[in-house]
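Written out below as structure tokens is the structure these notes cover.
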Amino acid sequence: MERVVVITGPAQGMGREVARILDGKGHAVAGFDVDGEGLESLKGEMRHPERHHLVTMDITDRPGIRAFRDVVLERYGKVDVVLSNVGIGFFGPFEEIDLEAALKCLEVNVIGAAAVFQAFIPSMRERGEGKLVAMSSLVGQIPFPFESVYTASKFALEGLILAFRYEVEPFGIRTAIIEPAQVSTGFAAKIHKLPPEGSPYRERVKRFIDRDNELIKTAPDPVRAAEMVVKVLEAEKPPLFTRFSFRDSFFITINKWLPTRVRDAILVNFMRIKV
């Protein structure tokens with residue numbers, strides 16, 4: 001059955017692969033991204049570009065999001081699924097980060113997702129069905145050192161969804177949260193940056209980055225990750241939480257049940273940042 005799927009951030013990485021898979025399965029994709037060049041190349045890779053609606057827009061443009069919604073509903077008559085995939089990283093020792101710059105991470109990762117979901121809830125509520133899916137992260141459950149602002153954004157995103165799902169589920173709207181640890185894209189490389197010489201955190205940050213780069217080598221590639229995401233999008237009753245590997249689920253489980261001292265020791269040893 002053909003579905004109409006709204007995707008934010010389909011120009012690159014996993015979002016791009018999700019859009020391509022949906023295209024191949026006969027679904028309609030309506031999406032936007034700030035990367036207009038990436039969107040144009042994506043259109044060239046799709047089998048049925050005429051079926052889709054892809055526009056260049058920033059996730060922080062809230063009037064633009066409402067106008068986008070109106071165009072999508074006018075064209076397709078409905079939206080079955082909204083995938084909030086846009087997200088930016090933020091990395092660095094908390095003591096040294098620029099809090100003004102951190103606001104952009106929170107604006108994009110939390111309020112951006114909220115704006116897209118809020119825009120499409122009314123039409124889903126009136127139809128009595130729909131799915132709202134958020135791309136979160138392992139750090140939405142497990143706080144990671146040197147990623148304090150990014151962790152805060154994902155904790156906030158998950159809290160947002162876990163709260164409003166009680167409000168929308170009686171109207172037939174289902175919610176789902178996807179929590180990958182890593183996907184082998186360039187996402188981490190864009191944000192990894194060593195503190196300046198003389199920083200008391202520099203040596204541990206370097207070990208953290210080296211370890212993260214090791215883990216990315218064995219992480220799912222964007223295509224495999226996208227295939228798992230599409231399963232969630234197509235599921236009639238998707239699970240509330242989806243993780244990409246047993247290891248991810250294991251870490252979240254022990255984070256919930258082990259004493260704080262024990263789980264902290266596991267984390268700092270796993271990331272090789274023990275003092």
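Filter segment 251-261 for residues that are part of a helix (DSSP H, G or I) and open to solvent by 60 Å² or more (accessible area, probe 1.4 Å); which is farthest from residue 139 (Cα to Cα)?
261
For segment 250-260, state whether one or more residues are touching a residue at least 40 places away in the same chain (Cβ under 8 Å) and under 20 Å from the mean Cα position of the chain (by Cα).
yes
Which ones in segment 10-25 are open to solvent by 10 Å² or more (accessible area, probe 1.4 Å) and modelled with pLDDT of 95 or more?
Within segment 10-25, 16, 17, 20, 21, 24, 25 qualify.
Might you check whether a residue that is open to solvent by less than 70 Å² (accessible area, probe 1.4 Å), outside any loop (DSSP other than H, G, I, E, B) and under 30 Å from residue 143 (Cβ atoms) occurs anywhere in segment 26-36?
Yes; the residues of segment 26-36 include at least one that is open to solvent by less than 70 Å² (accessible area, probe 1.4 Å), outside any loop (DSSP other than H, G, I, E, B) and under 30 Å from residue 143 (Cβ atoms).
Does residue 70 satisfy the condition of being within 23 Å of residue 111 (Cα to Cα) and in contact (Cβ under 8 Å) with a residue 40 or more places away in the chain?
Answer is no for this residue.
How many of the residues in segment 199-250 are within 25 Å of residue 79 (Cβ to Cβ), open to solvent by 70 Å² or more (accessible area, probe 1.4 Å) and acidic (Asp, Glu)?
2
Taking the criterion of being open to solvent by less than 70 Å² (accessible area, probe 1.4 Å), at pLDDT 85 or above, not aliphatic (A, V, I, L, M) and not in a loop (DSSP other than H, G, I, E, B), would at least one residue in segment 183-198 satisfy it?
no
Consider segment 48-73. How many of its residues are over 27 Å from residue 238 (Cα atoms) and among the charged types (D, E, K, R)?
Of the residues in segment 48-73, 4 are over 27 Å from residue 238 (Cα atoms) and among the charged types (D, E, K, R).
Starting from segment 33-50, keep only residues that are under 21 Å from residue 88 (Cα atoms), then list their pairs with residues that are open to solvent by 20 Å² or more (accessible area, probe 1.4 Å) and at pLDDT below 95 whose Cβ atoms are within a distance under 6 Å, requiring at least 6 positions of separation or different chains.
Short answer, once both residue conditions are applied: 38/12.
The values are calculated or read from the model by the stated rules, or taken from the named source; none is laboratory data. In this text the structure is predicted, and so the values were computed from the model without any measurement. No Cβ is skipped: glycine too gets one built from the backbone with ideal geometry, and neighbour counts run over all protein chains shown. Accessible surface areas use protein heavy atoms only, side chains included; no ligands, DNA or RNA. Shrake-Rupley method; radii C 1.70, N 1.55, O 1.52, S 1.80 Å.
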